[in-house]
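Reading through the structure tokens given below for one structure.
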Amino acid sequence: QVQVVESGGGLVQAGGSLRLSCAASGSLRSINNMAWYRQAPGKQRDFVAVISNGGSTNYADSVKGRFTISRDNAKNTVYLQMNSLKSEDTAVYYCEGSILAVGARNFNEYWGQGTQVTVSS
């Protein structure tokens with residue numbers, strides 16, 4: 001079994017910062033890309049940022065210059081540093097990992113349960 005667990009969400013004022021963490025654990029052999037998505041109430045889930053196992057990154061235009069994704073491969077953990085937060089950043093943030101589980105032949109996508117980020121104006 002592979003688990004992906006997010007943490008670090010909460011309530012913050014506009015202009016503030018939060019750091020989200022996401023750890024993959026269990027019977028896994030390798031992790032490829034890890035990414036963050038978010039879903040605001042009544043809206044679809046949107047891409048936020050992605051990082052490859054080599055450290056290459058890509059961001060949604062709405063968060064460029066404010067959010068930074070990073071990872072610690074030794075800990076199977078990805079982070080999302082969020083600065084200059086705006087009310088429109090309010091959403092449930094989900095972590096997704098492309099993971100090769102023990103006994104599997106292919107990489108599969110594993111999702112966490114989500115963590116709530118609320119930005120008050």
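Just one of the numbered conditions (1) within 13 Å of the chain's Cα centre (by Cα); (2) exposed (fewer than 15 other Cβ atoms within 10 Å of the Cβ); (3) more than 25 Å from Gln1 (Cβ to Cβ) is not true of Gly42; which one?
Only one criterion is unmet by Gly42, namely (1).
Taking only the stretch 48-58 into account, find how many residues are in contact with a strand residue (DSSP E or B) (Cβ under 7 Å, 6 or more places away or on another chain) and either of a type outside the set (A, V, I, L, M, F, W, C) or under 12 Å from Val92 (Cα atoms) (or both).
Final tally of qualifying residues: 5.
If only one of Ala23, Ala49 is free of Cβ contacts under 8 Å to residues at least 60 places away in the same chain, in contact with a Ser or Thr (Cβ under 6 Å, 6 or more places away or on another chain) and assigned to a strand (DSSP E or B), which one is it?
Ala23
Hey, can you tell me all the residues within the stretch 81-99 that are open to solvent by 20 Å² or more (accessible area, probe 1.4 Å) and either more than 15 Å from Leu20 (Cα to Cα) or without any contact (Cβ under 8 Å) to a residue 40 or more places away in the chain (or both)?
Lys86, Ser87, Glu88
Residue-wise test of (1) open to solvent by less than 60 Å² (accessible area, probe 1.4 Å); (2) within 12 Å of the chain's Cα centre (by Cα).
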| residue | (1), (2) |
| --- | --- |
| Gly8 | yes, yes |
| Val12 | yes, no |
| Leu28 | yes, no |
| Ile31 | yes, no |
| Asp46 | no, yes |
| Thr57 | no, no |
| Ile69 | yes, yes |
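The values are calculated or read from the model by the stated rules, or taken from the named source; none is laboratory data. Keep in mind that this is a model prediction, so the values were computed, not measured. Neighbour counts are summed over all protein chains in view; Cβ atoms, including those assigned to glycine, are modelled from backbone coordinates with ideal geometry. The area values use the complete protein model at the heavy-atom level, side chains included, leaving out ligands, DNA and RNA. Shrake-Rupley method; radii C 1.70, N 1.55, O 1.52, S 1.80 Å.
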